[in-house]
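The structure appears right after this line, and notes come after that.
The values are calculated or read from the model by the stated rules, or taken from the named source; none is laboratory data. Please read all numbers here as calculations on a predicted model, not as lab measurements. We place every Cβ from the backbone using ideal geometry, glycine too, and count neighbours over all the protein chains shown.
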Amino acid sequence: MLTSGGELLFCAHHGRKFEPELKKIAADIQDETDRLTTVPAGAPDEDR
């Protein structure tokens with residue numbers, strides 16, 4: 001979330017690449033990278 005009220009969405013790669021500059025203009029940075037590797041509790045064994 002930008003301090004101006006806008007919102008930017010980045011993939012994990014570009015979020016990390018631009019993070020230093022984004023921190024200068026961001027009111028909040030929400031990193032959900034862990035969701036890419038977390039297996040849901042109810043997932044079948046073959047998906048684990």
Might you let me know whether segment 36-47 holds any residue that is at pLDDT 85 or above and exposed (fewer than 10 other Cβ atoms within 10 Å of the Cβ)? no
Segment 28-48: number of residues that are part of a loop (DSSP other than H, G, I, E, B) and under 9 Å from the mean Cα position of the chain (by Cα): 4
With criteria (1) surrounded by 12 or more Cβ atoms within 10 Å (Cβ to Cβ); (2) without any contact (Cβ under 8 Å) to a residue 12 or more places away in the chain; (3) of a type outside the set (A, V, I, L, M), residue 15 comes up short on (2)
For segment 1-22, which residues satisfy the criterion of being in a helix (DSSP H, G or I) and closer than 13 Å to residue 33 by Cα? 12, 13, 14, 15, 16
Number of the exception - residue 26 against (1) in contact with a strand residue (DSSP E or B) (Cβ under 7 Å, 6 or more places away or on another chain); (2) without any contact (Cβ under 8 Å) to a residue 24 or more places away in the chain: (2)
Condition first: of a type in the set (Asp, Glu) and either in contact with a helix residue (DSSP H, G or I) (Cβ under 9 Å, 6 or more places away or on another chain) or surrounded by 10 or more Cβ atoms within 10 Å (Cβ to Cβ) (or both). Now tell me which residues in segment 23-35 satisfy that. 31, 32
